[in-house]
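So the structure is just underneath, and the comments pick up after that.
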Amino acid sequence: MIGRLHRFTALLTGDARADRVVPPAGASAWLTTLTAAAMAFLAVFALALSLASGRLAERWSGALAQGATIRISAPAAEMEAQTRQVLAILAETPGVATSRAINAEEMRGLLSPWFGSDLPVESLPIPQLVELTEAGQGFDAAGLRLRLAAEAPGAVLDDHMRWRRPLVEAAGRIRALGFLSLALIGATMTAMVSLAARAALAANGQVIRVLRLVGARDTYIARAFVRRYTLRAFFGAAAGTLAGMVAVALLPPASEAGGFLTGLGFAGAGWLWPLAIAPFAGIVAFWATRFAALRTLREVP
């Protein structure tokens, strides 16, 4: 434990003599910092997409799970009688909390986005809709369909299952795609940091040979590279995360009109998740640089 604490302290404070081994600037330095910043920026959006997809799946599932609709298609002379019959059946059905017939004004509001607000609903042969909400564990859909077929032949039950399942599955796949993107971003950053560290080690081969001649061990040399590239990745990722969070905050807020295209940011405690990107980038850079440095030092004669 004491040894690990000492290594952690050394990682933060550094060693002035060992730090001279690592070039303070150059292509490898900028490559590490810019790669970490770019990957963190993309990771913020991938994380926002994953969390927003999860919220969307829960919202869609919750909105459709507790409701159902009965569509009544019958001649005009029988429409009112069948509607009363359906409402009477629903009043006796266990698991149905409330039920009501949707009036003409509500139908006009539902159809206005497609046909305009002046649609003459009363003169059109539009089916009567009855909206119901479930209670407790819900109702027996199969039994209700059989009773409707016997007592109200023009009534058809739609429990929204055929709408709910594809929507929830689509949101779940988008969330999985977001997590896959996070994994690919982490792998890309690991590869780029490793390449940058190996390039810096190869460029300083002569210095490494001199340090070995004066008794420096490979772990001492590697520690300097690990510290420098870990801090570069950490601060680069912190800058990219901040830029990504600002960009996400500027996205349009959630709205019913926008649907899925809005509300793709973070909500509530979800804003804390991006704060883990920079420490994660530092951990990835630490192990990637350590592995690359020790392997490259073994190859340097």
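How large is log10 of I(q)/I(0) for the range 74-153 at q = 0.15, 0.24, 0.26 Å⁻¹ when the intensity is taken from the Debye formula with one equal scatterer per alpha-carbon?
-0.63, -1.12, -1.20
For LEU146 and ALA170 in the same chain, what is the full-extension length gain: residue separation times 0.36 nm, less their Cα-Cα distance, in nm?
The span from LEU146 to ALA170 would gain 5.5 nm if fully extended.
For a label point 7 angstrom out from the Cα of GLU58 toward its Cβ, which stretches of the range 271-290 have the backbone nitrogen within less than 13 Å?
Answer for this model: 271.
State, to one decimal in nm, how far the label point of ARG84 lies from the label point of LEU251, with both points 7 Å from Cα in the Cβ direction.
Label-label distance for ARG84 and LEU251, simple model: 5.2 nm.
Once label points are set 7 Å from the Cα along Cα→Cβ at both ALA101 and ALA216, what is their separation, rounded to one decimal in nm?
Computed distance between label sites ALA101 and ALA216 equals 8.9 nm.
Kirkwood hydrodynamic radius of the range 127-257 from all distinct Cα pairs, in Å?
21.9 Å
No lab work stands behind these numbers, since they all come straight from the coordinates. Just so it is clear, the structure is predicted and the values come from calculations on it, not from any experiment. Here the Cβ is made from the backbone with ideal geometry for all residues, glycine too, and neighbour counts use every protein chain on show.
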